[in-house]
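Here's the structure we're looking at; comments come further down.
The values are calculated or read from the model by the stated rules, or taken from the named source; none is laboratory data. All of these numbers come straight from a predicted model, not from anything done at the bench. Counting neighbours? That spans all protein chains shown, and the Cβs are built from the backbone with ideal geometry, glycine included. For the accessible areas, the whole protein counts, side chains as well, though only heavy atoms, and no ligand, DNA or RNA atoms are used. Shrake-Rupley method; radii C 1.70, N 1.55, O 1.52, S 1.80 Å.
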Amino acid sequence: MKKKLVAIAVAGLLAAPLAHAQTANVTIYGRINMDLDFISSTQDSKLGKIQRVSSNASRIGFRGTESLGGGLNAIFQIESQFQGDGVYGGKQGLIGSRDTWLGLQGGWGAVKIGHMLTPYDAIQPIFGNAPNGGPVTILSTAGLWGQWGLANANGGFGQRLENAVRYDSPKIAGFQGMLQYSTKEMASNNGWNGGLGLFYDNAGLQVAAAYETNQEYRAVDMNDHALTLTAAYKFGAFRPAVVYEYIKYEVAGGNLKRHMYGASLTADLGPGKLYGAILLADKGKGATGAKVGNIAQGKDTGATMYNLSYTYDLSKRTSAYVGYIYIDNKDRATYTFGMNGHGTGVKPGLTQQGLILGAVHNF
């Protein structure tokens with residue numbers, strides 16, 4: 001009799017966590033985004049022309065919510081990138097390689113801790129970046145905007161950062177705020193990153209501002225700052241948008257500064273969307289000879305990017321797209337694609353262009 005009672009008690013203890021876990025809501029989601037790239041440039045090397053298949057940050061993830069009572073929820077996400085085109089040597093992405101975090105959510109907003117993109121990245125969709133999945137193809141505006149293709153240690157902004165804590169406010173009358181802090185652990189200095197985003201979305205009007213600072217990421221006593229302002233308005237079948245960015249680097253002998261301006265237009269066309277954009281990166285100003293990433297001081301260090309694409313919706317989850325991008329560097333400029341780069345060692349004055357044909361499926 002005693003053995004039966006012990007067995008029942010043990011079974012009850014083992015079953016209790018399982019029954020409790022069943023109250024959680026877990027979703028499996030992902031995206032596979034494949035395209036064929038045709039790239040050419042004026043660079044006189046084997047990088048002059050490229051044909052390739054790109055996987056464009058295809059990913060799979062798990063996210064969930066568990067009610068803790070009193071309007072408080074535990075939330076989590078584990079997201080991993082995979083290479084749909086295959087990788088030389090057969091290697092794939094690590095589990096949790098993309099935004100992965102644990103947090104709490106309530107009427108006051110949400111707090112997350114883990115590895116995630118900054119508010120500076122969240123501002124991109126307002127300017128627009130078609131096609132569906134476009135921000136992770138060579139069509140991305142990241143080549144000029146924020147130097148997204150570079151790590152923070154090399155002067156980039158809007159990156160996915162480790163050791164991060166983030167607060168997202170609730171949406172109130174169309175307004176929402178975001179605040180994030182990330183510490184540069186296991187490094188030779190005590191560097192850190194801070195980000196702030198303010199967003200408004202109501203009645204077709206979207207306006208946002210984002211600021212990010214990298215404190216001692218590139219080097220000791222050298223700090224980087226970036227500010228973006230963007231706005232868009234949807235009326236009928238059209239959605240025009242504008243963007244402005246100011247970047248400032250602390251360098252030996254002073255500062256290096258650069259302004260960037262852009263305009264885009266998204267138009268409903270049949271079952272899909274036509275998207276066009278132009279970005280103008282001004283020349284760098286400041287300390288003589290200064291250069292951080294692709295931003296350099298002096299005459300003829302600016303560039304212009306042209307972007308045109310069309311997305312055809314095959315269903316609510318699947319789209320086909322075609323797109324073209326052209327980057328016109330001034331004589332001393334070295335800007336290149338922000339995603340799926342065109343190799344290293346881009347020569348000053350290089351002109352690049354790319355045509356892509358692709359499809360994306362969200363699940």
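Would you say Leu161 is over 10 Å from the mean Cα position of the chain (by Cα) and part of a loop (DSSP other than H, G, I, E, B)? For Leu161, the condition - over 10 Å from the mean Cα position of the chain (by Cα) and part of a loop (DSSP other than H, G, I, E, B) - is not met. Val346 meets all of the listed conditions (1) in contact (Cβ under 8 Å) with a residue 24 or more places away in the chain; (2) surrounded by fewer than 16 Cβ atoms within 10 Å (Cβ to Cβ); (3) out of contact with any Leu (no Cβ under 8 Å at 6 or more places or on another chain) but one, namely (2).
Being in contact with a Phe, Trp or Tyr (Cβ under 6 Å, 6 or more places away or on another chain), free of Cβ contacts under 8 Å to residues at least 60 places away in the same chain and open to solvent by less than 60 Å² (accessible area, probe 1.4 Å) is the requirement here; does Thr183 meet it? So Thr183 fits the description; yes. Taking the stretch 296-308 as the range and being under 21 Å from the mean Cα position of the chain (by Cα) and either modelled with pLDDT under 95 or open to solvent by 30 Å² or more (accessible area, probe 1.4 Å) (or both) as the test, the residues that pass are Tyr306, Asn307, Leu308.
Residues that are farther than 24 Å from Ser58 by Cβ, charged (D, E, K, R) and out of contact with any Ser or Thr (no Cβ under 7 Å at 6 or more places or on another chain) within the stretch 285-335 comprise Lys285, Lys291, Lys299, Asp300, Asp331, listed in sequence order.
Among the residues here, Ala263 qualifies as touching a strand residue (DSSP E or B) at 6+ places or on another chain (Cβ under 6 Å), open to solvent by 40 Å² or more (accessible area, probe 1.4 Å), modelled with pLDDT of 95 or more and assigned to a strand (DSSP E or B). Of all residues in the stretch 113-128, those that are on the phi > 0 side of the Ramachandran plot have Cβ atoms under 9 Å from Cβ atoms of residues that are acidic (Asp, Glu), 6 or more apart or on another chain, in Gly114/Asp99; Gly114/Glu162. Among the residues of the stretch 198-218, those identified as in a strand (DSSP E or B) and either basic (Lys, Arg) or out of contact with any Asp or Glu (no Cβ under 9 Å at 6 or more places or on another chain) (or both) are Leu198, Phe199, Tyr200, Asp201, Asn202, Leu205, Gln206, Ala209, Tyr211, Glu216, Arg218.
Can you give me the number of residues within the stretch 223-260 that are part of a strand (DSSP E or B), among the hydrophobic types (A, V, I, L, M, F, W, C) and open to solvent by less than 50 Å² (accessible area, probe 1.4 Å)? Can you show your working first?
Looking only at the stretch 223-260, we keep the residues that are part of a strand (DSSP E or B), and these are 223-233, 235, 238-251, 254-260.
The next check asks that each one be among the hydrophobic types (A, V, I, L, M, F, W, C); those that pass are 226-227, 229, 231-232, 235, 238, 241-243, 247, 251, 256, 260.
Filter once more, so that each one left must be open to solvent by less than 50 Å² (accessible area, probe 1.4 Å): 226, 231-232, 241, 243, 247, 251, 256, 260.
Residues flagged as part of a strand (DSSP E or B), among the hydrophobic types (A, V, I, L, M, F, W, C) and open to solvent by less than 50 Å² (accessible area, probe 1.4 Å) within the stretch 223-260 amount to 9.
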